[in-house]
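No lab work stands behind these numbers, since they all come straight from the coordinates. Treat the numbers as computed from the prediction; the structure is a model and nothing was measured. All Cβ positions, even for glycine, are placed from backbone atoms using ideal geometry, and neighbour counts span all protein chains on display.
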Amino acid sequence: MALIVSQALPKHVEQFDLVEGVWVAHPRCALPVAVALRQGLIDVSSSRLVQQGQQTKMEQVYHYLTGTKFRQRIDAVVEKFNDMREDLDKERKFMGRQWAKGEIQILSVLDSTVGMVGDLQAIAGKAMPEIPSLNQTGRAVVHRFATSAGATAMSALPRSTDIFSLIAQARKVHCDCSLRNST
């Protein structure tokens, strides 16, 4: 970059101008023109550094993406994801077994209670009053058990079905679902 400061300026230049690639300026404008030119040089230099930095960073990113370190990191992420998925599946199976076990225990308690009531009804005969709550509770428990097992056969039973029939139906549903889930 060239700059000429002179009192004798070309005819068409009043203060300063670029003439054939050379800056020509009157001494009054020398300092402002020098400051402007300096700032221009600084801007050009900064721009070149940024471009050079971008090129260097692009090369670094490219080498990282095509190198083994990136692949190893992705492999580690995928491995941990798969471990988490396996743990979740194991937990789901475990909880399913726990729920099934609890449902069987509830049915067993209900079956024992109904059996005890049946024994007492056989002994006492008509003197023993009917226990409607046992039928209602039994129907609710058996229905919940059957629907959680994915069965729809329970809904086909009439409301008047006694608790003994409900338990027998629930046991059948449980056996059907156990066979289906074990395959």
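Efficiency by 1/(1 + (r/R0)^6): what FRET value for Leu3 and Leu49, r their Cβ-Cβ distance, R0 = 30 Å, to the nearest 0.05?
Efficiency, rounded to the nearest 0.05: 0.80.
Using the Karplus curve 6.51 cos²θ - 1.76 cosθ + 1.60 with θ = phi - 60°, work out ³J(HN,Hα) for each residue of segment 107-117 in order, rounded to whole Hz, and write x for Gly and Pro.
For segment 107-117, the Karplus curve yields 4, 5, 4, 5, 4, 5, 5, 5, x, 5, 5 Hz.
So what are the ³J(HN,Hα) numbers for segment 51-62, from phi and the Karplus equation (6.51, -1.76, 1.60; θ = phi - 60°), rounded to whole Hz, Gly and Pro as x?
In residue order, the calculated couplings are 4, 5, x, 5, 4, 4, 5, 4, 5, 5, 5, 4 Hz.
May I ask you to list the lysines whose Cα is less than 20 Å away from that of Lys57, ignoring any residue fewer than eight positions away on the same chain?
Excluding near neighbours in sequence, the set is Lys69.
Taking a ≥ b ≥ c as the square roots of the Cα gyration tensor eigenvalues, with a/c under 1.5 meaning rounded and otherwise prolate when a/b beats b/c, else oblate, which class fits segment 2-51?
prolate
Along the Cα-to-Cβ line of Asp83, 7 Å from the Cα, sits a label point; which residues in segment 56-74 have backbone N less than 20 Å from it?
Inside the label zone: 69-74.
Taking R0 as 41 Å, what FRET efficiency do you get between Gln72 and Ile104 from their Cβ-Cβ distance, rounded to the nearest 0.05? Don't jump to the answer; show the numbers that get you there.
Working: r = 48 Å, r/R0 = 1.17.
Result of the calculation: an efficiency of 0.30.
May I ask you to evaluate 6.51 cos²θ - 1.76 cosθ + 1.60, the Karplus curve with θ = phi - 60°, for each residue of segment 69-79 and list the ³J(HN,Hα) values in order in whole Hz, giving x for glycine and proline?
Along segment 69-79, the couplings run 4, 4, 4, 5, 5, 5, 4, 5, 5, 5, 4 Hz.
Once amide H atoms are placed 1.01 Å from N in the peptide plane, what residues at a sequence separation of 5 or more from Trp23, or on another chain, have their amide H within under 5 Å of its amide H?
Ala2, Leu3, Ile4
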